[in-house]
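A short write-up of the structure that comes next.
The values are calculated or read from the model by the stated rules, or taken from the named source; none is laboratory data. These numbers were taken from a predicted model, which means no experiment stands behind them. Here the Cβ positions follow ideal geometry from the backbone for every residue, glycine too, while neighbour counts run over all protein chains shown. The area values use the complete protein model at the heavy-atom level, side chains included, leaving out ligands, DNA and RNA. Shrake-Rupley method; radii C 1.70, N 1.55, O 1.52, S 1.80 Å.
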Amino acid sequence: MWLMKSEPEEFSIDALARVAREPWSGVRNYQARNYMRDGMQVGDKVLFYHSNCARPGVAGIAEVASAAYPDPTQFDPDSAYYDPKSTPANPRWLLVDIRFVRRCKHVITLDAIRNAAEQLGDLALIRRGNRLSVMPVTPAQYHHILSLEHDSP
DNA sequence: GCCAACGTTGGC
DNA sequence: GCCAACGTTGGC
């Protein structure tokens, strides 16, 4: 199971709900890429996290909808994610498609997740200075985070 | 908008 | 292979 960050002004859980399915383009971090390439299986559940916004936190659930394949934006000179050092023959960046599952009833805030740190154990999201945008979560962490959804907002 | 923390780049 | 400089992330 996974957690993936997105800036809601760029691409929110509501935007995912509208399109139903989306290629997760733009990841330009090797560790995040490796998780998508080597770790993800179709059907894996994903906590959809809103970052860099007024209420950072888990806003919904998605699932992995494809195997990893080259991110087309890396070859597009007009894209903000263009990478001139990558070639179609030897692509540097891979992505997976993500499918909408559901919204959270309310955002499970970073604050609430931090408050549960003791029960959650080691979680990359709340490690100091963490900036990773794609990270694994254990089933226990996944379920514990979602259990916080029933708490008051 | 600020800034701490981090990853990447590139000169040496 | 080191490491300083730089750019980015993301909470606040």
Exercise for the section: Test residue A:49 against the stated conditions and say whether it is within 16 Å of DNA strand C (Cβ to nearest atom) and in a loop (DSSP other than H, G, I, E, B). Expected result: no
Problem - Subset of segment A:64-80 [within 19 Å of residue A:32 (Cβ to Cβ) and either loosely packed, with under 13 Cβ neighbours inside 10 Å or within 17 Å of the chain's Cα centre (by Cα) (or both)] - result: A:64, A:65, A:66, A:67, A:68, A:69, A:71, A:80
Problem - Condition met for residue A:32 (open to solvent by less than 40 Å² (accessible area, probe 1.4 Å) and closer than 26 Å to residue A:129 by Cβ) - result: yes
Exercise for the section: Scan segment A:69-78 and give yes if some residue there is touching a His at 6+ places or on another chain (Cβ under 8 Å) and not acidic (Asp, Glu), otherwise no. Expected result: no
Exercise for the section: Only residues that are of a type in the set (D, E, K, R), open to solvent by 70 Å² or more (accessible area, probe 1.4 Å) and within 21 Å of residue A:106 (Cα to Cα): list them for segment A:122-153, please. Expected result: A:151
Exercise for the section: Report whether or not residue A:15 is closer than 30 Å to residue A:89 by Cα, open to solvent by less than 20 Å² (accessible area, probe 1.4 Å) and either more than 15 Å from DNA strand C (Cβ to nearest atom) or modelled with pLDDT of 95 or more (or both). Expected result: no
Exercise for the section: Kindly check whether there is at least one residue in segment A:93-102 that is away from DNA strand B (no atom under 16 Å from the Cβ) and open to solvent by 70 Å² or more (accessible area, probe 1.4 Å). Expected result: yes
Completion exercise
Looking across segment A:63-84 at residues that are touching a Lys or Arg at 6+ places or on another chain (Cβ under 7 Å) and of a type outside the set (A, V, I, L, M, F, W, C), the single one that is nearest to residue A:151 (Cα to Cα) is A:63
